[in-house]
Amino acid sequence: MKERILKNIAAIQTAGKSTAELYNEISSAVMREISFTAPAPDQKSAYYLSIEFLIGRMFYNNLLELGILDEVRDILKEKGVNAAVFEEIEDAALGNGGLGRLAACFVDSAAGLDLPVYGRGIRYKYGLFKQKFENGFQEELPDDWQSFGDPWGVRRENEARIVKFADAEVRAVPYDIPIIGKNRINTLRLYQAEGSEGAEKISEYLYPADDTEEGKLLRLRQEYFLSAASVGELVDAYVAVHGTDFSAFPAFNAVQLNDTHPVLAIAEFIRILTGSYGVPFAKAVRLAGKTFGYTNHTILPEALECWPQEYLKKLLPEIYAVLKKLDERQRREFRRKAVLEEDAAAMRIAKNGIFSMANTAVYVAHRVNGVAKIHSAILKDSLFRAAYLYTPEKFVNVTNGITQRRWLMLCNEELSALIDSKIGTGWRGDIGLLSEMKKFRKEDTVLAEFAQIKSKKKEQLAEYVYRKEGIRLLPDAIVYAQVKRLHEYKRQLMTAFAILEIYEKLKSGELAGFKPTVFLFGAKSAPAYFRAKGIIKFINEIAKKIAGDESVNKKLQVVFVTDYNVSYAEKIVAGADVSLQVSTAGLEASGTGNMKFMMNGAVTCGTMDGANIEIVEQAGRENNYIFGAEVDEIDSLRRNGYDPNAILAQDGAARRAIETLVDGTFDDGGRGYFRELYDSLTVGASWHKPDHYFILRDLPDYVEKLLLINREAGTHEFTQKQFANAVSSAYFSSDRSIREYAENIWEL
Ligand code: 26Q
C-alpha cells in the first residue's frame, strides 16, 4: 500500500497548483489506496458515541500513521514544494475542548492497538467558531473547515438512514473518515443531516446557541439525530447477521456514551427492540444495560443535561414514552428495595417533569466511569453517591490519556529522534518502553541535548506566534502557558492577578535576577459566557499595558494567542517550559492538556486536581510545582464559610491586583465586564457566594510558585525536572486508557 501511495504522489504534477489543489490531490492519492478494515462478523465491536470529535488537521497525522511522512516530504521537496504549506489547511474543529479531543485521541489509539472500536458523531458544517480579537474583545466567525475540501471523508450515500422526529423525517448520511493504525484502518463515521424543511440545520453548527427554546430544541434534535442514526445502524447490522433474537447483542456490541449528550441512544435502543421486534421491556432494559457504558466528564451542575418533558413529548413522543416507563420502573424498584427517599430523589430519572440524562445513564448502564482517579472518587462520594451505594459494581475509573502519535511524534520530531537515538524506536510501537529513558536522568550529555531541543521548539513556537499574531516573543524567555477553554473554574483570572502582582514587584525592584518570562494564553469563550469574555478582555488589557511599559517589557510579556486550536496546541505544548493547570481543586475532571505538556517536557505548576495528581505520582512531586487548597480544604471552606474580603483586607498585593478591575487602570469599553468580575469576587451573585472558585485563597501560593520557577528555570536541576516529566509520561498515553476501556468496560 505504502509503495503505491508514494508512486501516486510522485506522479502528481505540482507546477502552478494552489495549496488547496495539491492538498486534495495528495490526500486523494492516499485515499485511493487505503481500505477501511471491516469489522469481523464474529467479533465484538465497540462504538464511541460523541457529540464532539476535535480531530485537528488530518494531513500530516495520516501520513505519519502510514509511516510515509518523511518520504512524502522528500518527494514534494524534489518538486519544489515545501510540505509546511499544508499548515494552511483548516483544522477539523468539530469539538470544543477536552471531551472532543479525548474522543479523537481514543479512536486513534484504538486503531493503533488493532481494536475494533469505531467513532460515531456529527458532521457539522461549521465547527467551533474562529476567534478574532477586536480591541481585545473576542469576536466569533463561522468556521468553514471544509473550505479546502474534505478529501478524507467518504460519503456513503447508500448507507443513509432516516431519523424520525414528530414533525420531520431527516436523512442521516454517513461520511467515513479513516483512522489509521499499523495493522488496521478504523472508521470514524460522522452523520450529516439532509432533507427538506431545514433538516440540514441539525448538523449545521456545533453547539447552536441554546439561550432560546428554539435553540434548546435544536440541540435536542442533534442529540437524538446522533443517537438514532448510530443505534439504528447497529441494530440493523445485528439483525442481518444474528436475526431477531437480541440475547447476543451485548456479546457483539459495546456502546460508550461520551458524557450525557448521546444518552438518548439508550432510549432509542429500547424503543426499537420493544417497538419493532416485540422484545419485552424488562429484557430490552437488561440488554441496554449490558451494551452501554457511560463516561462522565464534569461535575459542574450547569453541564448536567436535563430535558423538560414538554420538549421530549413535542419532538420525540416515543422516546418520551420509553423514558417515562424507565422512570416508573425505577420508582417501583426503589419501593421494592425500600431505598431511602433522599437517595431515591438523587437517583431519579424524572423529577417534576424534568428528565436527567445522567441519572438515566447511571440507572441503565453497566459501567459508569470518571476520567481521573480523583474525579471517579468524587463521583462515588458526591455526584452519584446514592447510585454508588446501591450498585457499587458499576463504578470504575479510567484515567484519560493522549495519543503520543500526535502529541509527541508529530509535534516534537526532535524529542522523538532523541528518544530513538537513546533507546531505539521500539517505544513508537509500545509506549511503555518510553520509561527506559529514565535511566538517562542524570546523564549530562542527554540532558544537554534535551535542553537544546526545548530551546529549538521554543524558537519554532516563537516563529509561529509571530506568523499568526505579528508579535515577537521575548527571546530565551521562560514560557508559561495556560491554554484551554475559558472557564471560571479553570481560573485564567487567577493567573491574570498573579501576573499583575509580579508586574508590580518587578516595577518596585523587588525581583532582582528575574529572568525574562512570557505568559502565553490561548482560549475560546463560549459566545454567551459574559464573565469568560470579560476575562479575555482583561488579560488582553494587561498584555497591552505591560507591552507598553518600557521599564518591564524586556522582562515580562503576556500574549493571548488568537484562535487557539489543535494545530496551535501542537506548537505550544512542544515549546512551553511550564504548564499552568490551576483549576479549583475538585473541579477539573481530568484535564488532558496537562498530559501533553508533560510528555513534551514541561513542568506542571498546578493544583492537586484532576490528572495533575497522577502526573505528580508518575513524575514526582519534587519535579513539579504544586500549590493551593486541596479538595478537603475546599470542601471545608464551602461548608464552614470562606471570606475572600478578609483575605483582601490583609493582602495588599492581591487587593491592588483585583482593584485594577474597577479603579480605572483598565478599560472594558463601558461594557460592564470588569465590574461584573470584581463583584463576582467580592460580593457574589444570586447563584453564588463571593469568589466561588477560591481565587483569593490560592493566589499567594500561586505567585510564590511562579516566582520559584523563575528562579530555578535555566538551571541544570530544572532541566532534570523537565526531563523527568517527559520520560515519565508513558502512563498518560491514550493507548493505556483504551486498553482499560477494552478490558474493564467493553470486554473486547
Ligand atoms: C451541557 C449541557 C448543555 C449544553 C452543553 C453541555 C456541555 C457541553 C460540553 C457539557 C460539557 C461539555 C464538555 C465537557 C468537557 O470537555 N469536559 C472535559 O472533558 C475532558 C475529557 O475527559 C476532561 O479532561 C476535562 O477535565 C473536562 O473538563
**Request:** Loop only per DSSP, at most 14 neighbouring Cβ atoms within 10 Å: give me the trypsin sites (Lys or Arg not before Pro) in the range 166-265, ordered by residue number.
**Result:** Lys182
**Message:** Run the reach check for Lys554 against lysines, Cα to Cα strictly under 19 Å, same-chain hits fewer than 8 apart removed. What comes back?
**Reply:** Lys458, Lys505, Lys507, Lys515, Lys544, Lys545
**Request:** Please quote Rg/Rh for the range 426-519 to two decimal places, taking the Kirkwood radius as Rh and restricting both calculations to Cα atoms.
**Result:** 1.07
**Asked** If you find the alpha carbon centre of the range 24-72 and of the range 182-247, how far apart are they in angstrom?
**Response** 21 Å
**Message:** Which trypsin sites (Lys or Arg not before Pro) in the range 554-600 sit in a loop by DSSP (not H, G, I, E or B) and have at most 14 other Cβ atoms within 10 Å of their own Cβ?
**Reply:** Lys554
**Request:** Would you kindly derive the ³J(HN,Hα) couplings of the range 518-525 from the backbone phi angles with the Karplus curve 6.51 cos²θ - 1.76 cosθ + 1.60 (θ = phi - 60°), listing them in order in whole Hz, with x for Gly and Pro?
**Result:** 10, 9, 10, 10, x, 5, 10, 9
**Request:** Under a cut-off of 19 Å between alpha-carbon atoms, report the aspartates and glutamates in cross-link reach of Lys325, not counting same-chain residues fewer than 8 places apart.
**Result:** Glu268, Glu310, Glu333
**Message:** For a quick check: with amide H placed at 1.01 Å from N, whose amide H comes under 5 Å from Ala168's, ignoring anything fewer than 5 positions away on the same chain?
**Reply:** none
**Item:** Accessible-area ranking of Arg329, Arg638, largest first, probe 1.4 Å
**Value:** Arg638, Arg329
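Could you tell me what a quarter of the Cα convex hull surface of the range 1-51 works out to, in nm² with one decimal place?
Numbers: hull surface 23.5 nm².
Quarter of the Cα hull surface area: 5.9 nm².
Gain in length, Ile354 to Glu743, computed as 0.36 nm per residue apart minus the alpha-carbon separation, to one decimal in nm? Walk me through the numbers before you get to the answer.
Numbers: separation 389, 0.36 × 389 = 140.04 nm, distance 3.49 nm.
That pair, Ile354 and Glu743, stretches by 136.6 nm at full extension.
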**Request:** Within the chain, what's the longest run with no GluC sites (Glu not before Pro) in a DSSP loop and at most 10 other beta-carbon atoms within 10 Å? Give the range, please.
**Result:** 198-549
**Item:** the chain, helix-only ellipticity at 222 nm - DSSP H runs n ≥ 4, -39,500 (n - 2.57), divided by all residues, nearest 500
**Value:** -14000 deg cm²/dmol
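Hey, if we sort Asp167, Asp735, Asp211 by accessible area with the 1.4 Å probe, largest down, what's the order? Present the calculation step by step, with values, prior to reporting the outcome.
Values: Asp167 85, Asp735 10, Asp211 115 Å².
Heavy-atom accessible area, descending, gives Asp211, Asp167, Asp735.
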**Message:** Quick check on the chain: of the DSSP beta bridges with both residues there, what percent are antiparallel, nearest 5%?
**Reply:** 40 percent
**Fill in**
Expressed in angstrom and rounded, the centroid-to-centroid distance over alpha carbons for the range 504-553 and the range 613-686 is 16 Å
**Request:** List the extent of the Cα atoms of the range 40-189 along each of their three principal axes, largest first, rounded to whole Å.
**Result:** 54, 49, 29
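Could you give the C-alpha radius of gyration of the range 1-90 expressed as a fraction of 2.2 N^0.38 Å, taking N as the number of residues it contains?
1.28
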**Asked** With r defined as the distance between the Cβ atoms of Lys468 and Lys77 and R0 fixed at 25 Å, what FRET efficiency is calculated, to the nearest 0.05?
**Response** 0.55
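State in Å² the accessible area per residue of the range 355-460; use a 1.4 Å probe, count heavy atoms of protein chains only, and round to the nearest integer. Mind showing how you got there, number by number?
Working: 4060 Å² over 106 residues.
For the range 355-460, the per-residue accessible area is 38 Å².
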**Prompt:** Any idea what Rg and Dmax come out to for the range 236-280 if you just take the C-alpha atoms, in Å?
**Reply:** 11.3, 31
**Phi-based couplings in Hz for the range 195-200 (Karplus 6.51, -1.76, 1.60; Gly and Pro marked x)** = x, 8, 6, x, 4, 4
**Amide hydrogen neighbours beyond the local backbone of Ile478, cut-off 5 Å, H modeled** = Thr517, Val518
**Prompt:** Can you list the chymotrypsin sites (Phe, Trp or Tyr not before Pro) in the range 626-666 that are in a DSSP coil and have 16 or fewer other beta carbons within 10 angstrom?
**Reply:** none
**Asked** Stretch Tyr277-Ala547 to full length: gain in nm at 0.36 nm per residue minus the Cα-Cα span?
**Response** 90.4 nm
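Would the range 282-368 count as rounded, prolate or oblate if I go by the C-alpha gyration tensor, calling it rounded below 1.5 in a/c and otherwise prolate when a/b exceeds b/c, oblate otherwise?
It comes out rounded by the Cα gyration axes.
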**Cα convex hull of the range 449-577 - mean projected area over all directions, nm²** = 8.1 nm²
**Asked** Using the Cα gyration tensor of the chain, with a ≥ b ≥ c the square roots of its eigenvalues, what is the shape: rounded (a/c below 1.5), prolate (a/b larger than b/c) or oblate (neither)?
**Response** oblate
**Prompt:** For Phe560, which sequence-distant residues (separation of 5 or more, or a different chain) have an amide H within less than 5 Å of its own amide H, given hydrogens modelled in the peptide plane?
**Reply:** Phe521
**Request:** Quick one: what are the phi-derived ³J(HN,Hα) couplings along the range 302-314, Karplus 6.51/-1.76/1.60 with θ = phi - 60°, whole Hz, x for glycine and proline?
**Result:** 5, 9, 8, 6, 9, 10, x, 4, 4, 5, 5, 4, 5
**Prompt:** Which helices of the chain meet both criteria: a Cα extent of 30 Å or more along the helical axis and a mean Kyte-Doolittle score no lower than -1.0, with helices taken as whole DSSP H segments?
**Reply:** 213-242, 444-469
**Item:** Efficiency of FRET from Cβ geometry, Gln309 and Phe133, R₀ 51 Å, rounded to 0.05
**Value:** 0.75
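The values are calculated or read from the model by the stated rules, or taken from the named source; none is laboratory data. Bear in mind the structure is a predicted one, so any value in this text is a computation, not a measurement. We place every Cβ from the backbone using ideal geometry, glycine too, and count neighbours over all the protein chains shown. The accessibility values were calculated without ligands, DNA or RNA, using every heavy atom of the protein model including side chains. Shrake-Rupley method; radii C 1.70, N 1.55, O 1.52, S 1.80 Å.
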